[in-house]
Amino acid sequence: MVSHHQNIEMKHHQDVDVFMTATIEKYNIPVSETPEGKERLRAYYEALGRFVDIFARVETAVTLTLWRYAKTSPEIAKIIFAGAKIELGSTYIKQLAEATGASQEARDGLTNVLQQLGIINGVRNAVLHYAEGCDAAGGALANTGAQSGRCGRSSQGRARCNDDL
């Protein structure tokens, strides 16, 4: 049997629990607004900026490689290959390497590099075109229509997302 004193004590604990819950809900702060969340977002956007910058340089290298294998002047190549993205440029490079008699070793090297670039391009497209990335808590931001899988939650949180970039 519960004594009057125990009853009052239980009621007091219930009141404290209700008060604490109400207080926590009242001051619920989004993770992105905490110092740690802000730092994670800053680090993510810094890594994203570096990734985009490096990828733009790689796109230029693919374009110049395509022009070299096509054996055309820049003025002509700009017209012929205008709008050729990574996928199409990679296909043209491999076809031109074979058509111009590039060594098997050179063609194998191109195949390996361009295959890896295709994978990286897929991640780039997911991040830049389908709003996939990482949130302030280190979890994935995914558009349900996009293919995901690169930035899942982990014990390392955003660090994993930044490393993936």
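The values are calculated or read from the model by the stated rules, or taken from the named source; none is laboratory data. For clarity, every value in this text was computed on a predicted model and none was experimentally measured. FYI the Cβ positions are ideal-geometry reconstructions off the backbone, even for glycines, and counts take in every protein chain you see.
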field: From Arg68, Arg57, residue being over 28 Å from Ala126 (Cβ atoms), assigned to a helix (DSSP H, G or I) and within 32 Å of the chain's Cα centre (by Cα)
entry: Arg68
Residue that is surrounded by 13 or more Cβ atoms within 10 Å (Cβ to Cβ), modelled with pLDDT of 95 or more and small (Gly, Ala, Ser), where the choices are Ala56, Ala70: Ala70
message: Please go through region 100-112 and give me each residue that is within 26 Å of the chain's Cα centre (by Cα) and under 13 Å from Leu66 (Cβ atoms), ordered by number.
response: Leu110
message: Take the conditions in contact with a Leu (Cβ under 8 Å, 6 or more places away or on another chain) and surrounded by 10 or more Cβ atoms within 10 Å (Cβ to Cβ) and apply them to Lys94. Does it pass?
response: yes
